[in-house]
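Asker: Quick one: structure below, then a few questions.
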Amino acid sequence: MTEIFSYTACRQLSQMFFSVLFFHGSEYLLAIVFHGKSNVTLKSLLISQHYVLAMIFSVLEYLLELYFFPGLKENWWISNLGLLMVVIGEIIRKLAIITAGRAFTHLIQRHHDERHKLITHGVYSIVRHPGYTGFLIWSVGTQIMLCNPLATFAFTVVVWNFFHRRIPYEEYFLRQFFGSEYDEFAKRVPSGIPFVK
């Protein structure tokens, strides 16, 4: 059991804890900044039952592998690559939120609001859904940072599949709101999620 108190475990688990805390705390604070405290609920923390289960699976995998295969966690270049992905994913997602401002919401908007504008500048000129791109990079990066091979695969598949379904649904409404302007934007700019048009 001394493995859990090793330098490797303390560093990797503290990086994971800080990454999760910063991600959700900053999402919540930015929602308050752009939408006002009265319009923000705990749902803005983006913590669902499935998410909690995924994180529990992640930590369990880490602890089991740390106990049975401690050398697996000593691949610092892999762990540091994951940390870099976490930072890059976080930056991309927060740039998306800040660039879109009030137009960025955590829930898909199904009714057009006059404040809802099509954002095509900044990070949105590179990918249509930078918030999703950032989250995909961030979430997979958390597992690479922990040197968790099973959770890395699972997070990649589950998060990609979520956005593979969500993007067409969201874009159905965006096309209704913005018509040909959105069609032109979608032709010029990739979605930001691999293999999702």
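The values are calculated or read from the model by the stated rules, or taken from the named source; none is laboratory data. Keep in mind the model is a prediction, meaning the values are calculated, not measured. Here the Cβ positions follow ideal geometry from the backbone for every residue, glycine too, while neighbour counts run over all protein chains shown. Quick note on the areas: whole protein, heavy atoms, side chains included, nothing else; ligands and nucleic acids left out. Shrake-Rupley method; radii C 1.70, N 1.55, O 1.52, S 1.80 Å.
Asker: Taking region 93-130, which residues are of a type in the set (A, V, I, L, M) and either open to solvent by 70 Å² or more (accessible area, probe 1.4 Å) or not in a loop (DSSP other than H, G, I, E, B) (or both)? Lay out the reasoning, then the answer.
Answerer: Of all residues in region 93-130, those of a type in the set (A, V, I, L, M) come to 95-98, 100, 103, 107-108, 118-119, 123, 126-127.
The answer is Leu95, Ala96, Ile97, Ile98, Ala100, Ala103, Leu107, Val123, Ile126.
Asker: Look at Thr156 and say whether it is among the polar types (S, T, N, Q) and open to solvent by 20 Å² or more (accessible area, probe 1.4 Å). Explain how you work it out, then say what you get.
Answerer: On the way: among the polar types (S, T, N, Q): yes; open to solvent by 20 Å² or more (accessible area, probe 1.4 Å): yes.
When the stated conditions are applied, Thr156 passes them.
Asker: Filter region 179-193 down to residues that are open to solvent by 10 Å² or more (accessible area, probe 1.4 Å) and assigned to a helix (DSSP H, G or I), then give me how many there are.
Answerer: 7
Asker: Also: Can you pull out every residue in region 65-79 that is without any contact (Cβ under 8 Å) to a residue 40 or more places away in the chain and either open to solvent by less than 100 Å² (accessible area, probe 1.4 Å) or in contact with a His (Cβ under 7 Å, 6 or more places away or on another chain) (or both)?
Answerer: Gly71, Trp76
Asker: List pairs: first in region 43-62 and part of a helix (DSSP H, G or I), second of a type in the set (D, E, K, R), Cβ under 8 Å, 6+ apart or cross-chain?
Answerer: Listed pairs, sorted by first residue: Ser44/Glu27; Leu45/Glu27; Tyr62/Lys73.
Asker: Could you please tell me which pairs satisfy a Cβ distance under 6 Å, a separation of 6+ or placement on different chains, a first residue in region 98-111 that is in contact (Cβ under 8 Å) with a residue 60 or more places away in the chain, and a second residue that is assigned to a loop (DSSP other than H, G, I, E, B) and loosely packed, with under 14 Cβ neighbours inside 10 Å?
Answerer: Listed pairs, sorted by first residue: Arg102/Arg115.
Asker: Name the pairs: first residue in region 171-183 and closer than 14 Å to Arg128 by Cβ, second residue open to solvent by less than 30 Å² (accessible area, probe 1.4 Å) and among the polar types (S, T, N, Q), Cβ to Cβ under 9 Å, at least 6 apart or on different chains?
Answerer: Short answer, once both residue conditions are applied: Glu171/Ser191.
Asker: Next question. Go through (1) under 21 Å from Gly134 (Cα atoms); (2) open to solvent by 20 Å² or more (accessible area, probe 1.4 Å) and name the single condition Ser19 misses.
Answerer: That leaves (2) as the condition not met.
Asker: Suppose we filter Ile137, Ile144, Ile167 for residues that are in a helix (DSSP H, G or I), farther than 15 Å from Arg93 by Cβ and open to solvent by 20 Å² or more (accessible area, probe 1.4 Å); which single one remains?
Answerer: Ile144
Asker: Keeping to region 30-43, report how many residues are open to solvent by 80 Å² or more (accessible area, probe 1.4 Å) and within 16 Å of the chain's Cα centre (by Cα).
Answerer: 1
Asker: Select from region 45-64 the residues that are of a type outside the set (Ser, Thr, Tyr) and open to solvent by less than 40 Å² (accessible area, probe 1.4 Å) and list them in ascending order.
Answerer: Ala54, Met55, Glu61
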